[in-house]
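No lab work stands behind these numbers, since they all come straight from the coordinates. Owing to the predicted nature of the structure, the values given are computational and were not obtained by experimental measurement. Don't worry about glycine lacking a Cβ; one is built from the backbone with ideal geometry, like all the others, and counts go over all protein chains shown.
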Amino acid sequence: MGLYGNFLLDSGVVHVSDAGGWDVIPTKEIQMDTSWMARGNCATHPPSTFFPSDGVGVEIARHVCDGCPVQSKCLEYALRNRIDHGVWGGCSERQRRRILKARRAEALAS
Ligand code: SF4
C-alpha cells in the first residue's frame, strides 16, 4: 500500500496521490466548505465560550465539543486554516500546534 493523503506544511498542503504523484496547494488557496458549522454543538452557545481566557474555559468549551457531529471537520478546518485562537474540534490552541508539528514531522520523515 502506497503512502497517500494530505500533509500540512507551513507553505501549504502537500497532496500525494495513490499513484505516487504529488502537488502543493498553497495555504492561501485552500478553500474549505463551511456548511458544517451550522450543525455544530456550539451553534447554541455564545461564541465567547470557544475563545476562553483560561484553562477552565478551555475545558468548558471542550465539553461542548465532546460528541459534536462535526468535530473532525471543525478540527481540520482550524488546522488547515492555521487558526491560532480558540477551541476548535475539541482542541485547544496548544493541542492544535502539537498536531501540526506531528504532521510536519511525519511528512518530512516519509
Ligand atoms: S467541534 Fe466544538 S467548536 Fe467545532 S463545531 Fe463542534 S462544538 Fe463547535
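Quick look at the numbers
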quantity: Meets criteria (of a type outside the set (Phe, Trp, Tyr) and near the ligand (Cβ under 8 Å from one of its atoms)) for GLY89; calculated: yes
quantity: Filtered residue count, the stretch 46-66, keeping only those that are near the ligand (Cβ under 9 Å from one of its atoms) and assigned to a loop (DSSP other than H, G, I, E, B); calculated: 1
quantity: Those residues of the stretch 69-80 which are surrounded by fewer than 18 Cβ atoms within 10 Å (Cβ to Cβ) and within 8 Å of the ligand (Cβ to nearest atom), in sequence order; calculated: PRO69
quantity: Pairs with Cβ under 8 Å, 6+ apart, first in the stretch 81-95 and surrounded by 15 or more Cβ atoms within 10 Å (Cβ to Cβ), second aromatic (Phe, Trp, Tyr) and outside any strand (DSSP E or B); calculated: GLY86/PHE50; GLY86/PHE51; VAL87/PHE50; VAL87/PHE51; TRP88/PHE50; TRP88/TYR77; GLY89/TYR77
